[in-house]
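In what follows, a structure is listed as structure tokens, so that the remarks can point back to it.
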Amino acid sequence: MIAITDTLGLDEAEISESFIRASGPGGQNVNKVASAVQLRFDARGSPSLPQPVKERLERLAGHRVSQDGILIITAQRFRSQERNRADARDRLVALILRAATPPRRRRATRPSAASRQRRLTTKAQRARVKQQRGTVREC
């Protein structure tokens, strides 16, 4: 069980990991060892997450979610497979944690009198500048 919050957790069976060859530095090791991790998590079909969290997770993940609702995280920052595996899991937990906290409601506000006055003043100045750019008349 992977703990996300006090009330939210993921079952290990919901995550599948495959190992691929990483790009970048590593010398000859990069051609021999599959040290990069590709973590897959079915965000849409997960029984562990409530529906609002699933929706926010898909929105937050963006291009990392496939058409089927599967979240794919690729970790290749480190040269060792274990560190990349831990990095991928940490990134998944951080993403779900962000999705678990509902966004704060925006409180509608009106612009202050001073800001309205500043806006009108700068608008008038700009109008004067543009008015002075008129065509030159011949006398």
Q) With point charges of +1 on the Cβ of Lys and Arg and -1 on the Cβ of Asp and Glu, referenced to the Cα centre of region 2-100, which listed residue (Gly45, Asn84, Ala61) lies farthest in the positive direction of the dipole? A) Asn84
Q) For the chain, what does -39500 (n - 2.57) per DSSP helix run (n ≥ 4), summed and divided by total residues, give at 222 nm, in deg cm²/dmol to the nearest 500? A) -12500 deg cm²/dmol
Q: Quickly rank 83-96, 51-64, 125-138 as a protection proxy: mean count of other C-beta atoms within 10 Å, highest first.
A: 83-96, 51-64, 125-138
(Q) Name the residue from Thr109, Ser35, Ile15 whose Cα lies farthest towards the positive end of the charge dipole of the chain, charges +1 on Cβ of Lys and Arg and -1 on Cβ of Asp and Glu. (A) Thr109
Q: Quick one: dipole size for the chain, taken about the Cα centre, charges +1 on Lys/Arg Cβ and -1 on Asp/Glu Cβ, in debye to the nearest 20.
A: 1820 debye
**Q.** In order through region 11-21: 3J(HN,Hα) via Karplus (6.51 cos²θ - 1.76 cosθ + 1.60), integer Hz, x for Gly, Pro
**A.** 7, 4, 5, 6, 10, 10, 10, 10, 10, 10, 6
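Taking 0.36 nm per intervening residue step and subtracting the Cα-Cα distance, what contour gain separates Ala108 from Ser48 on full extension? Walk me through the numbers on the way to the answer.
Details: separation 60, 0.36 × 60 = 21.60 nm, distance 3.48 nm.
Fully extending the segment from Ala108 to Ser48 adds 18.1 nm.
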Q | Entry for mean projected area of the Cα convex hull in nm² (calculated from the structure that is shown) out of (1) 9.9; (2) 8.0; (3) 18.3 | A | (3)
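Rule-based calculations on the coordinates, nothing more; no lab input. The structure presented is a predicted model; accordingly, all values stated were derived computationally and were not measured. Please note: Cβ atoms are built from the backbone with ideal geometry, for glycine as well, and neighbour counts cover all protein chains shown.
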